[in-house]
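Quick note: the coordinates plus some simple rules give every number you see, no bench work behind them. Bear in mind the structure is a predicted one, so any value in this text is a computation, not a measurement. In this analysis, Cβ positions are derived from the backbone assuming ideal geometry, glycine residues included, and neighbour counts consider all displayed protein chains.
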Amino acid sequence: MLNIHMYSSALSVKGQGVGSAYSELINLLKEYFPDKIKIVINKLGKADISHYHTIDPLFYLETFLPGRGVKVGYVHFLPETIEGSLNLPSFAKKIFYKYMISFYKRMDQIVVVNPIFGKKLENYGIDADRITYIPNFVSNKEFYSESQDKKEKMRRKLGIPADKFTVIGVGQVQERKGVPDFIELAKRHPEIQFIWVGGFSFGKMTDGYNELKRVVDQPPANLMFPGILDRNEMNDYYNVADLFLLPSFNELFPMSILEAFSVGLPVMVRDLDLYHSIINGYYLGTKDVDEMDEQLTLLQHDQAKLSYLKDQARAGAEYYSEERLAKIWLDYYTRLVKD
């Protein structure tokens, strides 16, 4: 049996994808491999593998202790992906970014959540043979299409008419996620109901906080900000919607897109280069807020296009299924110990 120690503080900050990805992996390993993998969380001790999900300074110090086994770093972000998320003084950014890369270099092996990160880490001086790409995934037991009765009941609870076209976005309320464009679309389309689930996970440090906070406190009549919700509430909100929209300018590997796929919800995004290598063919890409505007005008009345996008979402969910990723993770961990 593999003895794997997991280190993470991701669940201490609600509403961020790193925490969702961490929870999904822990649940996956416990469900599929109870007789093959022993998981110990945030406790020191002799291990075959020490898997670091977050870059806490205490975890960094622990890497110098004996008995860590193979040290694996899980890379969910890089210095360039922090831009547009946190508003930090320049000197603090330099220190933080230098520390981040130093943490990754302490690892024996690195897992990246998208293939683009691999090349970027090589540019930071980390050897390619230490880097492995393993994508995120979500459980279809947590995210799934609910019955029509349940969908209608949730709509009534939220005060949304049964026939009103509804668009949902999910993520932290910040500039990088494209929330200002989401707000702009709500203003252009008063006939559509918009919902953005998420909040200011990092408070006033969030980039664009003051301007965004004013809108969150007093949104347009057709725009809801329910805030940061518990994970077990999210499936109901996805099922209320007709379309998932993520207008992010920069992404890592959005858990929210995978959650929408798992529900069978049509997905529209700003067409980032990253998506071409991880979810190509499963979504509707747009170049800017004006093209999103045009597509929203069309999609509300085009059931054939929505049905096609639903089929693509289901195909995406199948490709990133937990069954497929379970085998990938077991093979990865087993290979590390053998090598």
Within a Cβ distance under 13 Å of Y7, other residues only, what is the Lys/Arg minus Asp/Glu net charge? +2
Sorted peptide list for 253-266, 286-299, 29-42, 160-173, criterion being average Cβ within 10 angstrom, highest first: 253-266, 160-173, 286-299, 29-42
Mean projected area, convex hull of alpha-carbon positions in the range 201-278, reported to one decimal in nm², is 6.3 nm²
Cα-centre dipole for the chain with unit charges at Cβ (Lys and Arg positive, Asp and Glu negative), debye to 20: 1120 debye
Output ordering of 301-310, 183-192, 19-28 (per-residue mean of other Cβ within 10 Å, highest first) is 19-28, 183-192, 301-310
Restricting things to Cα coordinates, could you compute the convex hull volume per residue of the range 1-57 in Å³? 74 Å³
Where does the range 118-227 land on Rg(C-alpha)/(2.2 N^0.38 Å)? 1.43
What is the magnitude of the charge dipole of the range 1-82 about its Cα centre, with +1 placed on the Cβ of each Lys and Arg, -1 on the Cβ of each Asp and Glu, and no other charges, expressed in debye to the nearest 20? 240 debye
Value of Rg/Rh across the chain [Cα atoms, Kirkwood radius]: 0.97
Taking a quarter of the surface of the Cα convex hull of the range 261-302, what do you get in nm²? 3.3 nm²
Cross-link candidates for K94: which lysines have Cα within less than 18 Å, leaving aside residues fewer than 8 places away along the same chain? K105, K120
Relative contact order %, the range 144-229, counting alpha carbon pairs below 8 Å whose residues are six or more apart: 30 percent
To the nearest 500 deg cm²/dmol, what mean residue ellipticity at 222 nm is calculated for the chain from DSSP H runs of n ≥ 4 alone, each contributing -39,500 (n - 2.57), summed and divided by the residues? -13500 deg cm²/dmol
How high is the relative contact order of the chain, in percent, counting Cα pairs under 8 Å that sit 6 or more residues apart? 18 percent
Can you compute the radius of gyration and Dmax for the range 184-339, using only the Cα atoms, both in Å? 17.6, 59
Near-label residues of the range 117-160 by backbone N, under 12 Å of a point 7 Å along Cα→Cβ of I101: 120-126
